1. Can ILE65 be described as modelled with pLDDT of 95 or more and surrounded by 12 or more Cβ atoms within 10 Å (Cβ to Cβ)?
2. If you scan the stretch 18-32, which residues turn out to be loosely packed, with under 13 Cβ neighbours inside 10 Å and not charged (D, E, K, R)?
3. Considering (1) in contact (Cβ under 8 Å) with a residue 24 or more places away in the chain; (2) under 11 Å from the mean Cα position of the chain (by Cα), say which one GLU76 fails and leave the rest.
4. Here's a check for you: in the stretch 79-90, which residue that is among the basic types (Lys, Arg) and free of Cβ contacts under 8 Å to residues at least 60 places away in the same chain is most open to solvent (accessible area, probe 1.4 Å)?
5. Quick check on this structure: which one of GLU40, GLU15 is open to solvent by less than 90 Å² (accessible area, probe 1.4 Å) and of a type in the set (D, E, K, R)?
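The values are calculated or read from the model by the stated rules, or taken from the named source; none is laboratory data. All figures in this text were calculated on a predicted structure; none of them were measured in a lab. No Cβ is skipped: glycine too gets one built from the backbone with ideal geometry, and neighbour counts run over all protein chains shown. The protein model used for the area step is the full one, side chains on, heavy atoms only, and it has no ligands, DNA or RNA in it. Shrake-Rupley method; radii C 1.70, N 1.55, O 1.52, S 1.80 Å.
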Amino acid sequence: MKPEQEIKLRAQLDELHQWPSKYMFKFIVPNDPLKRKEIEDSFDGAAQINSRLSSKGTYSAYTIIVDGQSTNHIIELYRKVGKIEGLRSL
């Protein structure tokens, strides 16, 4: 995540959420079982993860719900998944 994106995200999270709170992530990644493992590992098993294949089966869309503890906690999770090659955040 670029520094200016992080600053904007931090401001939005601080404005819109009171912690602790449920937080929903949405991602698209190339359809690959290793990518799912990387996503699951990024959330340390402490998330509800739902996935759906694209119509051509090329990509997987993920909706992930976590119990967010703070703005810093959510940003750290974005940093972790941001290392996954091909991941796009929605």
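1. Criteria met by ILE65.
2. Matches in the stretch 18-32: GLN18, PRO20, MET24.
3. (1)
4. LYS83
5. Exactly one of GLU40, GLU15 is open to solvent by less than 90 Å² (accessible area, probe 1.4 Å) and of a type in the set (D, E, K, R), namely GLU40.
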